[in-house]
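One structure is given below, encoded as structure tokens.
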Amino acid sequence: MMKKSTKRWIGVGAVAAGITAAAVASHELTKFMMDMAMDRQKPKSLLDENTTRQMIRGTPYQEMFLQDLEIAAEKLKNSDCKRVEIESNDGINLVGHLHTCEHPKRFILAMHGWRSSWDQDFGMIADFWHRSDCNVLYAEQRGQNDSGGDYMGFGMLERYDCLDWINWINEQFPEKLPIYLAGVSMGATTVLMTANLNLPQNVKGIAADCGFTSPQEIWEHITTENLHLNFGIRRFDVDDLCRKKIKLGPMECSTTEALKNSKVPVMLVHGTDDTFVPVEMTYENYKACTAPKKLLIVPGADHGMSYYVNQEEYEKAASEFWQECERSI
């Protein structure tokens, strides 16, 4: 007959083995999520790509919006854009697409979002920018599409890419037109994180559409609200995995901290129905910003859909922002 003490130790061992197995499973799931978030090559999922994307976003896009998005993207992609390349501060090859107009009044540096593209994120607004006499450099974010790099940095690395592109613009266009940084989603966070960098004097403003407050906070939101998983037990794993990829931790950089020391005016845009990046994050960014600031909240707009939902109000806000920033020129 087995002694009680032996049974007890067997039970303790079984519990310990169970805890270890659960910890390993949690780590593997966290690693999968971080690979999905940051790696150029997405990890393979048991689900199809559309289902995975909808789970991460929290809701599917409207079919009509997707159709109009594709039409606008195709139009921009086939427009008269010149492909340009530079080397980033850390040796990564970066690709951009330059669209110039006949009598430019300003220059826009446009940064697209996570696992997206320059034509997808800016196809709809491109005609407005052109009508408004804007030269536009559509940058391809590192770790995506034709730009180099194995990882996306969620704005932590890309903010310095912005600075590299700004310097390139000023070298190529010595008349030094007013420059505006514009971004959508992760691109919005990218341009907002440049707010406390040493920017050239002709950078006159930053326009951010549906940006998040920090990599840590957007990952926590998606994990808990959209994927319905516990983030607390993964917090240290997330930090460790992020540091291994890009040598930076997710809480080392945030838009709110950058905006506390912003040197240029900022325009913040967000839709009320955004389930990917909650509108509350833009309210936090607006509150943190110490520079002149403008806020446009679009009722009923999902992620990145503010221009689509209310084009007239969006264009009015952008035009007024440019005028206010350029009064002193």
Treating only Lys and Arg (+1) and Asp and Glu (-1) as charged, each at its beta carbon, one finds that region 222-329 has a dipole about its Cα centre, in Debye to the nearest 20, of 600
Percent relative contact order for the chain, counting Cα pairs under 8 Å at least six residues apart, stands at 15
Hydrophobic long helices for the chain, i.e. whole DSSP H runs reaching 20 angstrom or more by Cα along the axis with Kyte-Doolittle mean at least -1.0, come out as 4-38, 63-77
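Counting alpha carbon pairs within less than 8 Å and at least 6 residues apart, what relative contact order, in whole percent, applies to region 167-207? Intermediate values should be presented prior to the final figure.
Details: 33 pairs, mean separation 19.6, N = 41.
Relative contact order here is 48 percent.
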Taking region 16-160, the whole-percent share of alpha-carbon pairs separated by over 24 angstrom is 46
Taking R0 as 41 Å and r as the Cβ-Cβ distance between residue 44 and residue 131, the FRET efficiency 1/(1 + (r/R0)^6), rounded to the nearest 0.05, comes to 0.40
Note on region 17-164, DSSP bridge orientation, antiparallel percent to nearest 5 equals 65
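Rounded, prolate or oblate: which fits region 182-321, taking a ≥ b ≥ c as square roots of the Cα gyration tensor eigenvalues, rounded meaning a/c under 1.5, else prolate when a/b beats b/c? Walk me through the intermediate numbers first.
Numbers: a/c = 2.51, a/b = 1.31, b/c = 1.92.
Oblate, because a/c is 1.5 or more while a/b does not exceed b/c.
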With the 1.4 Å probe rolled over protein heavy atoms, the chain has an accessible area per residue in Å² of 48
Treating only Lys and Arg (+1) and Asp and Glu (-1) as charged, each at its beta carbon, one finds that the chain has a dipole about its Cα centre, in Debye to the nearest 20, of 1580
Answer in debye to the nearest 20: the dipole magnitude of region 112-200 about its Cα centre, from +1 Lys/Arg and -1 Asp/Glu charges placed on Cβ, is 240
Note, residue 315: beta-carbon cut-off 14 Å, +1 each Lys/Arg, -1 each Asp/Glu, net -3
So the compactness index of region 121-262, its C-alpha Rg divided by 2.2 N^0.38 Å, takes the value 1.13
Here the percent of antiparallel bridges among DSSP beta bridges lying wholly in the chain, to the nearest 5, is 30
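Got the relative contact order for region 179-299 handy, in percent, Cα pairs under 8 Å and 6 or more residues apart?
Computed over region 179-299, the figure is 29 percent.
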Pseudo-spin-label distance residue 290 to residue 175, built 7 Å along Cα→Cβ, given in nm, is 3.6
Non-local residues with an amide H under 5 Å from the amide H of residue 296, with H modelled 1.01 Å from N and Pro and chain starts lacking one, are 268, 269, 270
A 1.4 Å probe over the protein heavy atoms gives the chain a carbon and sulfur accessible-area percentage of 52
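The values are calculated or read from the model by the stated rules, or taken from the named source; none is laboratory data. Model, not experiment: these values are computed from the prediction. Note that each Cβ is placed from the backbone with ideal geometry, even for glycine, and that neighbours are counted across all protein chains shown. These accessible areas exclude ligands, DNA and RNA; they are computed on the full protein's heavy atoms, side chains included. Shrake-Rupley method; radii C 1.70, N 1.55, O 1.52, S 1.80 Å.
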